[in-house]
Amino acid sequence: MQDSTFMTWIQETTVLGVPLWSLMVASAAAVATYGGILIVLALLTGRARNWASQSQSGVATTMVDVLEGTSRLLMLVVALLVGASLLDLPGRWESRLSQLWFVAVALQMGLWGMRAIGIGVRHYLARHASSGMTQVGASATLMSWGLRTLLWSVILLAILSNVGVNITAFIASLGVGGIAVALAVQNILGDLFASLSIAVDKPFEVGDFVVVGNVAGTVQMIGLKTTRIRSLQGEEVVMSNTDLLKQTINNYRPMRERRIVFTFGVTYDTPVDKVEAIAGVVQSVIQAQPQLRFDRAHFKAFGASSLDFEVVYIVEDPAFNLYMDRQQAINLGLMREFEAMGVQFAFPTRTVHVASVPPGASAAGGIDQGGGPAARPPVQQPSAAQPSA
């Protein structure tokens with residue numbers, strides 16, 4: 001009898017116009033939903049953690065970190081909304097509940113996005129912190145700020161659109177304002193993004209020897225706006241990051257070896273057998289030097305005043321001073337070998353041909369009575385130019 005009285009009281013009692021039994025059912029559904037969400041999150045996090053420990057996967061580790069950023073308060077709100085959906089509410093409250101659903105989900109996605117951005121920035125810093133670039137921390141902060149601002153702007157606009165706010169004019173005004181600001185600070189923003197591009201793409205790093213245009217030197221610092229290069233003459237050259245990336249950059253740090261091509265010429269009166277032997281002599285001279293790898297030596301062409309040879313060899317160390325030392329030793333070795341062979345290096349010469357004087361021509365004028373030119377034996381005159389190497 002008492003049980004039936006209690007059930008009757010529950011069914012007949014209302015709270016703010018809502019039957020008490022409906023509120024009890026909704027509360028039970030909310031509690032069950034909240035507990036179910038927590039259990040599912042715990043299972044997913046545990047599976048992802050086990051996957052990360054077994055496979056050492058970065059994706060699994062990121063998943064664990066993102067799931068751990070789930071807001072318990074928002075999950076409670078979701079559970080209450082599930083319970084409230086079981087109540088017999090007026091039509092306007094049903095639309096409000098759907099809007100609250102969207103707000104809760106959007107906020108949670110924003111929190112997950114913030115967590116993911118933070119993880120990505122930390123990985124970026126860990127990957128580039130050892131490069132010595134002073135702008136890595138600043139560029140990471142700039143990138144993090146930009147991504148977070150973009151994320152929450154999208155979420156805020158989506159929430160406003162869902163609750164019935166007309167965001168078209170707002171987006172248009174933001175676009176116009178953004179264009180005005182971008183035009184005002186375009187040079188600064190260009191250098192900032194160029195700095196970010198250098199940090200991400202890494203065409204060069206601090207300590208690299210680079211050649212940019214007519215500037216050759218060692219990179220001293222890469223900043224947010226400028227890059228500083230210590231030139232070979234000793235002065236510091238400051239270049240805008242934007243202007244720097246517009247030019248071709250020769251970076252010598254990745255160089256593992258040098259390929260050297262040089263030419264020389266011998267005189268035309270060199271016998272054929274000695275010309276044929278020169279390539280072998282050059283090969284032996286180069287192979288006698290340490291850290292050199294002979295590639296080829298060929299009688300390349302008939303020059304204007306020499307028989308031209310082209311030689312290619314590899315220096316197995318990129319140091320410029322080492323290359324110059326080896327080239328000097330090769331040059332001296334060739335001079336000794338050619339001296340022993342009786343072969344002379346060629347130097348620019350000029351041959352003048354003078355026509356012979358016909359009988360009866362004037363010796364002084366060089367023209368006979370018939371107007372013919374005087375003729376003399378051809379004379380070969382060496383010029384004062386130095387031997388070509």
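Quick notes on this structure:
- With an a/c value of 1.5 or above and a/b larger than b/c for the gyration tensor axes a ≥ b ≥ c computed over the alpha-carbon atoms, region 189-251 is described as prolate.
- Val354 long-range amide H proximity, modeled H, under 5 Å: Arg376, Val379
- Stretched out straight at 0.36 nm per residue, the stretch from Arg72 to Ala32 would grow longer than its current Cα-Cα span by 12.9 nm.
- Karplus-derived HN-Hα couplings along region 254-264 (A = 6.51, B = -1.76, C = 1.60, θ = phi - 60°), whole Hz, x at Gly and Pro: x, 5, 9, 7, 10, 9, 10, 10, 9, 10, 8
- Only Lys, Arg (+1) and Asp, Glu (-1) charged, at Cβ; region 189-251 dipole about Cα centre in debye: 40
- Taking amide hydrogens as placed 1.01 Å from N in the peptide plane, the amide H of Ala346 sits under 5 Å from those of Gly265, Val266, Thr267, each at least 5 positions away in sequence or on another chain.
- Whole-Hz Karplus values for region 199-211 come out as 5, 7, 7, 6, x, 7, 9, 4, x, 6, 8, 10, 10 Hz, taken residue by residue from phi with 6.51 cos²θ - 1.76 cosθ + 1.60 and θ = phi - 60°; glycine and proline positions read x.
- 3J(HN,Hα) along region 315-332, derived from phi through the Karplus expression 6.51 cos²θ - 1.76 cosθ + 1.60 where θ = phi - 60°, amounts to 9, 7, 10, x, 4, 5, 5, 5, 4, 5, 4, 5, 5, 4, 5, 5, 4, 5 Hz, with x in place of Gly and Pro.
- As a proxy for reagent exposure, ranking Tyr268, Tyr323 by other Cβ atoms within 10 Å from fewest up yields Tyr268, Tyr323.
- Contour minus Cα-Cα distance for Leu44 and Tyr268 (0.36 nm per residue): 72.1 nm
- Computed FRET value (nearest 0.05) for Val238 with Val261, which takes r as the C-beta separation and R₀ as 56 Å: 0.95
- Where only C-alpha atoms are counted, convex hull volume of region 184-298 per residue in Å³: 154
- Taking the inverse of the mean reciprocal distance over all distinct Cα pairs, the Kirkwood hydrodynamic radius of region 258-341 comes to 13.2 Å.
- Using C-alpha pairs under 8 Å with a sequence gap of at least 6, the mean separation divided by the residue count of region 258-341 gives a relative contact order of 37 percent.
- Straight-distance candidates among the lysines for linking to Lys202, with alpha-carbon spacing under 25 Å and chain neighbours fewer than 8 residues away dropped: Lys225, Lys246.
- With R₀ set to 51 Å, the beta-carbon distance separating Asn331 from Val352 gives a calculated FRET efficiency near 0.95.
- Inter-part distance where region 327-359 and region 66-87 are each reduced to a Cα centre, Å: 94
- Glu339 paired with Lys202, simple spin-label distance in nm, labels 7 Å along Cα-to-beta-carbon: 5.1
- What the Cβ-Cβ distance of Phe302 and Val215 gives, at R0 = 41 Å and to the nearest 0.05, is a FRET efficiency of 0.55.
- Amide H contacts of Val237 (H built 1.01 Å from N, under 5 Å, at least 5 apart or other chain): Ile229, Arg230, Ser231
- Computed lengthening from Arg293 to Ser85, 0.36 nm per intervening residue step minus Cα-Cα distance: 66.8 nm
- Inter-label distance, nm, simple model (7 Å from Cα along the C-beta direction), Arg230/Ser53: 4.9
Every read-out reported here was derived from the displayed coordinates using simple, explicitly stated rules and does not represent laboratory data. Being a predicted model, the structure only gives us computed values, none of them experimental. Cβ atoms come from the backbone with ideal geometry, glycine included; neighbour counts cover every protein chain shown.
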